[in-house]
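K.L.:
Below is one structure. I have some questions about it.
The values are calculated or read from the model by the stated rules, or taken from the named source; none is laboratory data. These numbers come from a predicted model, not from an experiment. Every residue, glycine among them, receives a Cβ derived from its backbone with ideal geometry; neighbour counts consider all protein chains shown. The protein model used for the area step is the full one, side chains on, heavy atoms only, and it has no ligands, DNA or RNA in it. Shrake-Rupley method; radii C 1.70, N 1.55, O 1.52, S 1.80 Å.
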Amino acid sequence: MSFVRAHAARIYALAVAVLALLVHFVPELPSALVLGVVAAALGVGEAVHRVTGPAPETAPPAESTAPFEASE
């Protein structure tokens, strides 16, 4: 399980690529089946994002894009 947790994004990318190839080369697949698998892949993508986590807390804060306002 630690391998899956360490390489979750790579495994997800590989699975989605295999799904795309399968749909391309097997056009007889029912569209409802394909759409169900695509929906599941999107849900797994969210889970992968949660496992890999957001940016570390030590990252510098993003700079503001708002124009500078002169103080009086």
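K.L.:
Quick one: Val38 ticks every box in (1) open to solvent by less than 70 Å² (accessible area, probe 1.4 Å); (2) at pLDDT 80 or above; (3) over 17 Å from the mean Cα position of the chain (by Cα) except a single one, so which number is it?
P.N.:
Every listed condition holds for Val38 apart from (3).
K.L.:
So which residues in the stretch 1-13 are over 12 Å from Val44 (Cβ atoms) and in a helix (DSSP H, G or I), if there are any at all? Lay out the reasoning, then the answer.
P.N.:
Within the stretch 1-13, the subset over 12 Å from Val44 (Cβ atoms) is 1-3, 5-7, 10.
Hits for the stretch 1-13 are Ser2, Phe3, Arg5, Ala6, Arg10.
K.L.:
Here is a follow-up. Among all residue pairs at least 6 apart or on different chains, which show Cβ distances below 8 Å where the first residue, located in the stretch 27-53, is closer than 23 Å to Arg5 by Cβ and the second is of a type in the set (Lys, Arg)?
P.N.:
Val51/Arg5
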